[in-house]
1. How many residues are farther than 19 Å from residue 477 by Cα and not in a strand (DSSP E or B) when one looks only at the range 511-537?
2. Identify all residues within the range 214-246 that are without any contact (Cβ under 8 Å) to a residue 60 or more places away in the chain and among the charged types (D, E, K, R); write none if there are none.
3. With the condition kept exactly as written, say whether any residue in the range 110-124 is free of Cβ contacts under 8 Å to residues at least 60 places away in the same chain, within 32 Å of the chain's Cα centre (by Cα) and either over 16 Å from residue 180 (Cα atoms) or buried (at least 20 other Cβ atoms within 10 Å of the Cβ) (or both).
4. Could you pull out the residue among 56, 69 that is under 14 Å from the mean Cα position of the chain (by Cα) and either outside the structural domain of residue 100 (by TED's automatic domain parsing) or among the aromatic types (Phe, Trp, Tyr) (or both)?
5. Just give me the residues in the range 87-109 being part of a strand (DSSP E or B) and without any contact (Cβ under 8 Å) to a residue 24 or more places away in the chain, in sequence order.
6. Output the residues belonging to the range 673-688 that are on the phi > 0 side of the Ramachandran plot and polar (S, T, N, Q).
7. Quick one: count up the residues across the range 68-86 that are outside any strand (DSSP E or B) and surrounded by 18 or more Cβ atoms within 10 Å (Cβ to Cβ).
8. Output the residue which, of all residues in the range 290-299 that are surrounded by 15 or more Cβ atoms within 10 Å (Cβ to Cβ) and either modelled with pLDDT under 95 or in contact with a His (Cβ under 8 Å, 6 or more places away or on another chain) (or both), is farthest from residue 363 (Cα to Cα).
Amino acid sequence: MYKLLLKGLLLYAAFLICVPLSAQYYLLPPVQNGKNPGNLNRDNENPQGSGLSTGWQTILQGPQASGNWTATFQLPFKFYFYGNLVKSFKASTSGVVTFNSRTSLRVDSNNVALPTSRIPDSSICIWGLRAASGDFIVAKTFGTAPHRQYWISYNSFSEQNLQSGGHVYVSIVLEETTNKIYLVDQRVVCLQNGVECTGKTNLTLGIQLDSLTAMMVPGSPDYPCSNTNLSTTEDNLYHTFIPGQQPALDAEGQSLNLKAFYLTREFPQNIVGQFKNIGTETINKISFEYQIDNGPIQSSVVSGLNVPALSEFQVTHPVPWNLTDPKYNTHNVRAWIGLLNDAVPAQPADDTIATSLLTSDTVYTRILLHENFSSSTSANGKIANDTLHKILNDFPGLYTEVYYPLGSPQGGDPYTTIESIARARLYAIGNFNIPRVLMDGAGAINAASYSRNAFRALQEIPSFYQVVPSGTVKGQDVEINIEIRNVAPISSNTRLHVVVAERETIKNVKSNGETVFYHVVKKMLPDTLGMMLDSLPSDSSLSVKLLWSVPGNYRLPADGRTTSIINLNTEHSIEDFSKLEVVAWLQEKDNTVLQSGRADLRYVVNSQDEAVASVVKIFPNPANQYFFLDLSTLALSNPTDVKILDLNGRVIFNSKAEQSFQFINTTEWPAGTYWIQVEANKQRYVTSLQIQR
C-alpha cells in the first residue's frame, strides 16, 4: 500500500513539473478519506427516481445520442475559470461540461488526451461516457454562502468498457470563493447479463482552456474508475484543481471529527480538525481557532508539528468545548487555521471547516420505518421479502413495516389500492421496478441487498420524537389514538401518517411463490396525504384520535389492475379483523421520517363496557349538499373547536360548537375527501368526510 502511495506521489510530482506555470492551476494528489470534498454532500449515490435524495435537478435524461448537449443553465454563484468569470454552463452526454454555452461542437464519446480541438474552449472533462436508458445528469447546490459547492453529476451513466449492464457515477464540483474544481469518482460496476465483470473505465479527466492549454488527471485518457459500487461516500475518491501556482504556505480544511449528535452529558468535547498541507513547505506551527455559533473565538498556537507538503494532519485544540445549555439545540461549529509558520496562508478561504450538530439531554430510540412496495406477482418479491424479514426478525421492537401491494407485472397483487399506487408515486416507484423498500423515507433498494449493518447504521441515528399508537376494533369500527411527544420542535410542514394494516394475509397469493404476506396496508388515515400538524415547540405533546368505519363487505379482486381494485369507499379487503394493527409516523416535506411506532389493535368481542363509542358522528357520509355533525357524546361545558380541512391542509370551516348538534352546508365545496377535526377536553378527534356530487 505504501509503495503504491509513494509511486502515486512520484507520478504526481513528475506530472506537476511538466505543467507550465501559465496553466494557472495546480493539481493535488487524489484524496480517498471516506468523504466528499469539504464533506458538504452527504447524499447517498442512488439513481434518480429510485432513492436519490431530494433537491437534485434533472438537466438531462437518457437515452440520448453521443455528444448531445443539455440546455444552458445558470451557475448559482460567481465562479472563475482560468481567471475568467463564467456565469452559465451546459453538459454533454459524453461527460464534458463547458462554460462556452454558445458552442455547437458535438463531442462524441471517443475520448482522447487533452488538449484537443475536439473539446470546446473553457471545458471540464470526465470524457468518454454514454447516455443509455435510465441515465441522468443531475445538479444540486450544497452548503451556505460564501462556501457553497455546485455538483453536476453523471448519475448511473454508461461507458463501453462497463458492458451493457454496468454503470458509473462521477461528478464535476465547482466551489464558491476558492474557485476550486473537484472531479469526484463515486461508484462503478461492470455487468454483463447480470454477472459482474472486470471492465474498468477509459476516461479523460481534466480541464481545458483552449486547444493549447489543458491539464489532465494522471491515467487519462485511460483513467480507470477504481472504486466499488457502494452507494455511500465511503469509497469515493476525488481530484482537486486549484487556481494559481502552488504557494509555499497553504492548508486546506478537510473535516471536523465531530458526530452529528451528542447527549449533553458527553461534554466537554475536544475540537479536532483534519487538514492538508497544500503548500510546498513543511508546516511546523499553526494558529488553530474555533467558534461555536456566534460565541467567542477560541484561539491557540499549536507547535511542534512536522507536516511535509501534500500530507494530511490532525490537530486538537487545547481548549475543549463546554456546553452550558442542556436542552435540544442545533449548534454551528467553525474551525480554521489563522497562521501557518507565523504567516497568513496563501488562500485563507479554504482553511475553514464547518459543520452543524445537535445536542440534547433527552433522546428516543429510533423505530426504523420500512415502506415495502411489492406484489405477489413480482418474481423477485419473494427473495426480497424473505431477506427483509430475516433481518427484521433480529431486531424486535426496533422497526415498523408497511407493505404496499402494487399492480403489474402479470396483473399485480389483488390487494392493490389507489392509496398504494399514490404512495408509490410519491417515491417515483413504478410497477416494473418493484420490489423496493425505503427506510425512513429514503434509499429505495431491492430488499435482497439489505443487510444487518445497514439496518444498524440507520436505526442507531437518534430520534427526538416519540410516536405511540394504540386502538381498538369493534365490529367494523376502528378507533385509533396517537400520542406524540417531542424533544425537538415540530414544524408546520410535518405530517402524521397513520396506516391500518393487517399483520398477515394469505388470500392474495399469486404466482411468485409467497404464501404469507406481512403488514399489508388496508387504509391510510385520513388518506395518503396524512394529517398536517400544527407547529409545536420543544418539549411538547399531542394526542390525536382517528375514527374509521370500515365500509361494506370483503372482496378478493382477480388482480391489481385498475378495473379490479378495491373501492375503499364501499368495500374492503380485510381477511381477519382480529389481526389489524396501526402503524404511525411523522414525516417531513422532504420525505424524511422523524419517528414511527406501531401497535396491535385490540379486538373487542361482545363486551359492552369495552365498546368504543362513536365520539364524532357525521351523517350522511358520503354527503352531497349538507351533513349533520353530532357531538352529543362529548361534554360541551366549554365551546368546542371544530375545523374542517381539505387534503392540502387548508382550513375551509372553523367554528366554536356550543351545541351538540350542528348543520353544515357543503354546496360550495368541491367533491373529495375532507378532515373533520374536533378538539374537546384537551383531546383531538379526527375523522374523514366524503363529498360526492
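The values are calculated or read from the model by the stated rules, or taken from the named source; none is laboratory data. Every value quoted in this text rests on a predicted model; they were computed, and no experiment measured them. Don't worry about glycine lacking a Cβ; one is built from the backbone with ideal geometry, like all the others, and counts go over all protein chains shown.
1. Residues flagged as farther than 19 Å from residue 477 by Cα and not in a strand (DSSP E or B) within the range 511-537 amount to 13.
2. 222
3. Taking every residue of the range 110-124 in turn, none turns out to be free of Cβ contacts under 8 Å to residues at least 60 places away in the same chain, within 32 Å of the chain's Cα centre (by Cα) and either over 16 Å from residue 180 (Cα atoms) or buried (at least 20 other Cβ atoms within 10 Å of the Cβ) (or both).
4. One residue alone meets the criteria, 56.
5. Within the range 87-109, 87, 88, 90 meet the criteria.
6. The one that is on the phi > 0 side of the Ramachandran plot and polar (S, T, N, Q): 681.
7. Matching residues across the range 68-86 total 2.
8. The extreme case among them is 298.
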